[in-house]
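Let me begin by presenting the structure, written as structure tokens, before commenting on it.
The values are calculated or read from the model by the stated rules, or taken from the named source; none is laboratory data. Remember, it's a predicted structure, so these values are computed and weren't measured experimentally. With ideal geometry, Cβ positions are generated from the backbone for all residues, glycine too; neighbour counts draw on all protein chains shown.
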Amino acid sequence: MRTFRLYGAFLDAAEVMTKPVGLTAAWWQVLGAVLREPLSVSGIAREMGLARQSVQRIADLLVDKGLAEYLPNPAHQRAKLVRPTEEGYAAIERLREAQHEWANRVSAQVSLEDLRTTLATMTALVAATS
């Protein structure tokens with residue numbers, strides 16, 4: 001139950017941070033998944049552990065809002081790649097200050113050693129359940 005409570009707290013914090021820049025937590029997650037390189041909707045879904053259909057709906061919304069675009073995928077004719085537009089990158093950049101302030105507030109209450117241990121444990125749990 002604590003995991004669900006923490007997840008809910010993260011989502012609540014993300015909604016507060018994203019609202020002023022015109023995003024939602026879900027939009028932020030999908031845009032964040034393709035900041036370094038374009039990915040297919042299926043690739044994003046795999047990376048995030050979500051249903052492809054959910055990611056498809058969000059990707060379509062991001063494209064409609066001008067925050068992302070679809071690109072041809074050389075590896076698969078029908079599975080287009082998703083990439084942020086300049087507007088999408090700008091929205092993520094506007095989030096950085098709020099996200100850093102939030103992360104600093106939270107991390108000030110937890111030791112660096114505990115944060116590292118938590119990250120290592122989460123990484124192991126993701127691997128064990130994938």
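Couple of notes before you dig in:
- Checking each residue in segment 79-99 for being among the aliphatic types (A, V, I, L, M) and closer than 24 Å to R52 by Cβ picks out A79, L81, V82, A91, I92.
- A count restricted to segment 79-99 and to residues that are out of contact with any Phe, Trp or Tyr (no Cβ under 9 Å at 6 or more places or on another chain), in contact (Cβ under 8 Å) with a residue 24 or more places away in the chain, under 17 Å from A25 (Cα atoms) and aliphatic (A, V, I, L, M) stands at 1.
- Residue within segment 76-85 that is surrounded by fewer than 17 Cβ atoms within 10 Å (Cβ to Cβ) and at pLDDT 95 or above present: yes
- Of the helices (runs of 4 or more DSSP H) lying entirely inside segment 20-130, the ones with 2 or more residues being farther than 24 Å from G8 by Cα and within 18 Å of the chain's Cα centre (by Cα) are found at 41-48, 52-64, 86-107.
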